[in-house]
Amino acid sequence: MTTRDWLLADSPTSRLQANVGRAYRVFTALLRNPLSVLGGIIILVLLLTALFAPLIAPFSPTGQNLSQRLLPPSGVNWMGTDELGRDIFSRVVWGSQITLTIVALVALISAPLGLLIGAIAGYFGGWIDKILMGFTDIFLSLPKLILALAFVAALGPGINNAIIAIAITSWPAYARIARAETLTIRNAEYISAVQLAGAGPIRVIVQHILPLCTSSMIVRVTLDMAGVILTAAGLGFIGLGAQPPLPEWGAMISRGRTFILDQWWVATMPGFAIIIVSLGFCFLGDGLRDVLDPKSEGKS
């Protein structure tokens, strides 16, 4: 039996074979979608750029040289320099670390929180469901950016507070998805069998319900990352996100808007970075939705 036959076996003999085989099917399905491949490449480039920023950036992201201020793009300064003579390309490269940190931490905080709250609400129902979903609806009724601004204004400016604020405003959507998924499976026969075997609510939720919500959650998280990046850039733009001299892309655009007519590159280059990375997450999220969404599988 070849490796491909082992991966695509209709009757896997172990959980490992089943999981690896499903991952292989998802990967091959993504490769058939050009936009998802492009999105994956963009995200991979972002990861590599953030990881190897010290090797890629030719200059210090914070080092100033007023004699080199506002130079246009050239062979030395690929994206030009800003009003303090700092190399914009180096700042964009180092800024990828900040963007990736924000995206990763927001996903790690908001997705598990929303997943757990939604699963608990959907499994128990009754007054627990009403209280948790009522609390969730309060957050959903307010615009994300306005709510994030309110939290950052209360907590104070800074990248850590910006991450907390964005995470607080992001979890309700995940809770709604997890609740809907839980409502469809809580009365399934295998859940009843597990309960008859003596499993308590915590074990049922953690071991049997949450794993079934993972696919939908991965898709939603990937699609939401573009909004997270834009929200973080918006907070940085108005001075409530990462503080100077950190090379955060939104803050770089804010400082460059003064020179937008004559020295267009100061604000345009970090703007391009935001657009490209956001598109990358959108393309990859669309591809994952087509592959992981059971409804789309039934249509294909």
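The helices (runs of 4 or more DSSP H) found wholly in the range 1-74 and carrying at least 1 residues that are touching a residue at least 60 places away in the same chain (Cβ under 8 Å) occupy 15-31, 34-51. Among all positions in the range 145-155, there is at least one residue which is out of contact with any His (no Cβ under 6 Å at 6 or more places or on another chain), in a helix (DSSP H, G or I), modelled with pLDDT under 90 and closer than 27 Å to Gly39 by Cβ.
Residue-level check: of (1) more than 18 Å from Ala121 (Cβ to Cβ); (2) touching a residue at least 12 places away in the same chain (Cβ under 8 Å), Ala193 misses just (2).
Yes/no per residue for (1) of a type in the set (A, V, I, L, M); (2) at pLDDT 90 or above; (3) closer than 22 Å to Ala167 by Cα:
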| position | (1), (2), (3) |
| --- | --- |
| Ala251 | yes, yes, yes |
| Ala267 | yes, yes, no |
| Gly271 | no, yes, no |
| Leu292 | yes, no, no |
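Answer yes or no as to whether Val228 is touching a residue at least 40 places away in the same chain (Cβ under 8 Å), closer than 29 Å to Gly39 by Cβ and crowded, with 16+ Cβ neighbours inside 10 Å. Criteria met by Val228. Considering only residues in the range 241-282 that are hydroxyl-bearing (Ser, Thr, Tyr) and over 21 Å from the mean Cα position of the chain (by Cα), the one that is surrounded by the most Cβ atoms within 10 Å (Cβ to Cβ) turns out to be Ser254. Across the range 198-217, the qualifying residues are those that are crowded, with 17+ Cβ neighbours inside 10 Å and of a type outside the set (Gly, Ala, Ser), and the one among them that is nearest to the chain's Cα centre (by Cα) is Met217. Please find, among Ile238, Ile274, Ile209, the residue that is in contact with a Phe, Trp or Tyr (Cβ under 7 Å, 6 or more places away or on another chain), over 30 Å from Leu31 (Cβ atoms) and among the aliphatic types (A, V, I, L, M). Only one candidate passes the filter, namely Ile209.
Note on the range 87-110: residues that are crowded, with 23+ Cβ neighbours inside 10 Å and among the small types (Gly, Ala, Ser) amount to 4. Out of all the residues in the range 75-112, which are at positive phi and in contact (Cβ under 8 Å) with a residue 60 or more places away in the chain? Once the filter is applied, which keeps residues that are at positive phi and in contact (Cβ under 8 Å) with a residue 60 or more places away in the chain, the range 75-112 yields only Gly80.
The values are calculated or read from the model by the stated rules, or taken from the named source; none is laboratory data. What you see is a predicted model, and the numbers here were worked out from it, not measured in a lab. We place every Cβ from the backbone using ideal geometry, glycine too, and count neighbours over all the protein chains shown.
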